[in-house]
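Peer 1: Below you'll find the structure I mean.
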Amino acid sequence: MSKSVIATTRAPAAIGPYSQAVRVGSLLFCSGQIALDPATGAMVEGDIEAQTRQVLTNMRAVLDAAGIGLDSVVKTTIFLVDLADFETVNAIYAEHFHVAPPARSTVEVSRLPRDARVEIEAIASLAER
């Protein structure tokens, strides 16, 4: 099965040796997004709400580059530095995944790249493209 890399300048460039997303067959594996501004490469200023909104904006840009949207996401994993932020992140997440939300896991981690407070990765289906 062939694999192809998906990349866009509308989302932050990878900060390591990985791709923004990789397509294998009818699946798209999206690397975790943190709240980096794609234009500057800097973390957005603000609280967990601002970071979560930027993460989902970045994810949407990667999905757009693959020709799909958030409705094609079948699984996400949310990484939080503090589970006390769960309710806030969950509320913002629900704004974006309100119809037939994907399967999801949420875990607390000790630290994220660039000292982000939230990171979200996703798997999407390209089957109905």
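Readers should treat all values here as calculations from the given coordinates under stated rules, not as data from a laboratory. In this text, all values refer to a predicted model and were calculated from it rather than measured experimentally. Heads up, the Cβs are rebuilt from the backbone with ideal geometry, glycines too, and the neighbour counts pull from every protein chain shown.
Peer 1: Checking Val118 against (1) β-branched (Val, Ile, Thr); (2) exposed (fewer than 14 other Cβ atoms within 10 Å of the Cβ); (3) within 16 Å of Met43 (Cβ to Cβ), which test does it fail?
Peer 2: (2)
Peer 1: Please enumerate the residues belonging to the range 34-63 that are farther than 18 Å from Ala91 by Cβ and polar (S, T, N, Q).
Peer 2: Answer for the range 34-63, where residues must be farther than 18 Å from Ala91 by Cβ and polar (S, T, N, Q): Thr40, Asn58.
Peer 1: While we're here: So, restricting to strands (runs of 3 or more DSSP E) that lie completely within the range 1-44, which ones have at least 1 residues that are closer than 19 Å to Arg117 by Cα, of a type outside the set (D, E, K, R) and under 13 Å from the mean Cα position of the chain (by Cα)?
Peer 2: Where strands (runs of 3 or more DSSP E) fall fully within the range 1-44 and carry at least 1 residues being closer than 19 Å to Arg117 by Cα, of a type outside the set (D, E, K, R) and under 13 Å from the mean Cα position of the chain (by Cα), they are 27-33.
Peer 1: What are the residue pairs meeting all of these: first residue in the range 2-24, first residue free of Cβ contacts under 8 Å to residues at least 24 places away in the same chain, second residue in a loop (DSSP other than H, G, I, E, B) and surrounded by fewer than 11 Cβ atoms within 10 Å (Cβ to Cβ), Cβ atoms under 6 Å, and 6 or more apart or on different chains?
Peer 2: Val24/Met1
Peer 1: Moving on to the next point. So, in the range 53-78, of the ones that are in a strand (DSSP E or B) and among the aliphatic types (A, V, I, L, M), which residue ends up surrounded by the most Cβ atoms within 10 Å (Cβ to Cβ)?
Peer 2: Looking at residues that are in a strand (DSSP E or B) and among the aliphatic types (A, V, I, L, M), I get Val73.
Peer 1: Shifting gears a bit: Output the residues belonging to the range 105-124 that are within 18 Å of Leu28 (Cα to Cα) and either touching a residue at least 40 places away in the same chain (Cβ under 8 Å) or of a type outside the set (Gly, Ala, Ser) (or both).
Peer 2: Correct list: Glu119, Ile120, Glu121, Ala122, Ile123, Ala124.
Peer 1: Specify the residue that is farthest from Ala122 (Cα to Cα); the eligible residues are those in the range 85-104 that are free of Cβ contacts under 8 Å to residues at least 24 places away in the same chain and out of contact with any helix residue (DSSP H, G or I) (no Cβ under 9 Å at 6 or more places or on another chain).
Peer 2: Glu87
Peer 1: Among Ala84, Ala50, Ala94, Ala127, which is touching a Pro at 6+ places or on another chain (Cβ under 9 Å) and either part of a loop (DSSP other than H, G, I, E, B) or not charged (D, E, K, R) (or both)?
Peer 2: From the options Ala84, Ala50, Ala94, Ala127, the qualifying one is Ala94.
Peer 1: Might you check whether a residue that is under 15 Å from the mean Cα position of the chain (by Cα), more than 30 Å from Ser2 (Cα to Cα) and surrounded by fewer than 12 Cβ atoms within 10 Å (Cβ to Cβ) occurs anywhere in the range 90-98?
Peer 2: For the range 90-98, residues under 15 Å from the mean Cα position of the chain (by Cα), more than 30 Å from Ser2 (Cα to Cα) and surrounded by fewer than 12 Cβ atoms within 10 Å (Cβ to Cβ): present.
Peer 1: Could you please find all residues in the range 11-31 being closer than 11 Å to Met59 by Cβ and either surrounded by fewer than 20 Cβ atoms within 10 Å (Cβ to Cβ) or in contact with a Phe, Trp or Tyr (Cβ under 6 Å, 6 or more places away or on another chain) (or both)?
Peer 2: The answer is Ser31, and nothing else.
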